[in-house]
Amino acid sequence: MATNPLTDEQFVVREFISDLVGSTCLGVLRSLDGRSSTASAIEEHGEVTRQTASKHLSQLSESGLTKSMSDGEYRLTAGGKAVLDAFDTSLDEIDRTQLTNLTRSKHTIPLLLTISNGAARPSELVGTNDSAPSRATVQRAVRMFETEEWCKEMSGSYHLTPTGERTLDVYEELAVTLEQVIEKAPWFQRLSPSRTDIPVCELTDAKLYISSPNSPGIVLAAALKLCDPRLDHFRVLTSIFNPTLFRAYDKLLKLGLKGEAVVDESLYDRLHEEEMEHFLDDSNYDNFRISSLDETLTIGIGIYDEKQIAIGAYNETGAGEHIAMLLSSNEAVIQWGIQLFKSYREQACHSAESASEPIQ
């Protein structure tokens, strides 16, 4: 069981996958790939009726996979794009009918997993409690496994085949992706769909922090806790105007904290408008360099000694209201953040050079 923070409802990942792949819902999600649309427009393309499309779009929005726009159109969120990509990858390995068969019953995957843990006789697959599969259920499942070549019978026992192993791996990757996208839907809603290259399956350890009108300081409080005097190296990519956080790090930088910062165009301009451009001056720091980027971002990252990474996703305007932030110590996620930071740093110029140019 997992929890959708948008609705506080619990969901079963297997059932969610089954609902998507076993209905026209996945097609409706795919119809939004690369474009926004309405239920009526989806009907005009001959995919489903307007009523069915409207129902699917509402359900997908509740899960954070689509977003309703003010003009009545829907579009994919980054979470929707990540889920769609995961389904496409899975369906390259196993076909839609196989995935439907795998997820239709609550017993199918546990039975296949039991066989994967070692050869099993039919009697060993039948449970002894009310929620366990009956003998008839086991027989149907095993026949399906043999038909799909996921297992084979040898000397009265069932053995998983390489195809069965691959099927379980494909399902596990899809299930983890969908689980993480929905459990962290507030963050994926704010993330640009162009940034779905993040290793979603590696986000299982990530903690989610969300600011809102009712609790505006949650993300700031979490970020301030990361401002640790024991830090040796800090890299940050930011577009958020937050003097409290700037002052906290200013103290550490003057004490010799090593690292780099890249500020986006909106923050660069805002600091000058507020007559706080001294925060862009790195001449007071021995080991820290500040660069500015000729681009406005809706993502921010902080990398702490390459042991932790904070990834903030902002609203569409990039002004920073209602921020969602993930904090992770996963190596793959940290490396993703490092590469993203490097790509923007290569485009940026030193703030001392930017300061000589007039603000547009």
DSSP-defined beta bridges in the chain - what % are antiparallel, rounded to 5: 75 percent
Among the aspartates and glutamates, which have Cα under 14 Å from the Cα of K258 when same-chain residues fewer than 8 positions away are ignored? D228, D232, D250, D282, D286, D305, E306
The answer for the chain, accessible area per residue at 1.4 Å probe in Å², is 49 Å²
What is the percent carbon and sulfur in the accessible area of the chain, measuring with a 1.4 Å probe over the protein chains and ignoring ligands? 45 percent
Would you please classify the overall shape of segment 188-347 from the alpha carbon gyration tensor, given that a ≥ b ≥ c denote the square roots of the eigenvalues, rounded means a/c under 1.5, and beyond that prolate means a/b larger than b/c while oblate covers the rest? rounded
Can you list the equivalent-ellipsoid semi-axes of segment 186-239, largest first and in whole Å, using the square root of 5 times each Cα gyration tensor eigenvalue? 21, 18, 12
Near A248, within a Cβ-to-Cβ distance under 15 Å, what is the net charge of the other residues, with Lys and Arg +1 and Asp and Glu -1? +3
When each of K184/K207; K184/K342; K225/K254; K106/K207 is checked by Cα-Cα distance, pairs over 20 Å: K184/K342; K106/K207
From the square roots a ≥ b ≥ c of the eigenvalues of the alpha-carbon gyration tensor of segment 1-100, which class results: rounded (a/c under 1.5), prolate (a/b over b/c), or oblate? oblate
Take the chain, connect every pair of alpha-carbon atoms lying under 10 Å apart with a spring to form a Gaussian network, then pick out the residue of L327, L226, L191 with the largest mean-square fluctuation. L226
For the chain, what does -39500 (n - 2.57) per DSSP helix run (n ≥ 4), summed and divided by total residues, give at 222 nm, in deg cm²/dmol to the nearest 500? -13500 deg cm²/dmol
Within 10 Å, at most 12 other Cβ atoms, and a DSSP state outside H, G, I, E, B define an exposed site. Report the longest part of the chain free of exposed trypsin sites (Lys or Arg not before Pro). 36-229
Looking at [x] 58, 48, 45; [y] 78, 50, 36; [z] 113, 85, 28, which value of Cα extents along the principal axes in Å comes from a calculation on the structure shown? [y]
Surrounding charge for H56, neighbours by C-beta under 12 angstrom, Lys/Arg +1, Asp/Glu -1, total -1
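Kindly point out which whole DSSP H helices in the chain project their C-alpha atoms 20 angstrom or further along the helix axis while averaging a Kyte-Doolittle hydropathy of -0.5 or above.
Numbers: long enough: 78-93 (23 Å, -0.01); 162-183 (31 Å, -0.19); 331-347 (25 Å, -0.45).
The qualifying helices are 78-93, 162-183, 331-347.
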Taking a ≥ b ≥ c as the square roots of the Cα gyration tensor eigenvalues, with a/c under 1.5 meaning rounded and otherwise prolate when a/b beats b/c or oblate if not, segment 237-288 comes out prolate
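The values are calculated or read from the model by the stated rules, or taken from the named source; none is laboratory data. This structure is a prediction, so every number in the text was calculated from the model and none was measured. Glycine gets a Cβ as well: all are built from the backbone with ideal geometry, and neighbour counts include every protein chain shown. Just the protein is used for accessible areas: all its heavy atoms, side chains included, with ligands, DNA and RNA removed. Shrake-Rupley method; radii C 1.70, N 1.55, O 1.52, S 1.80 Å.
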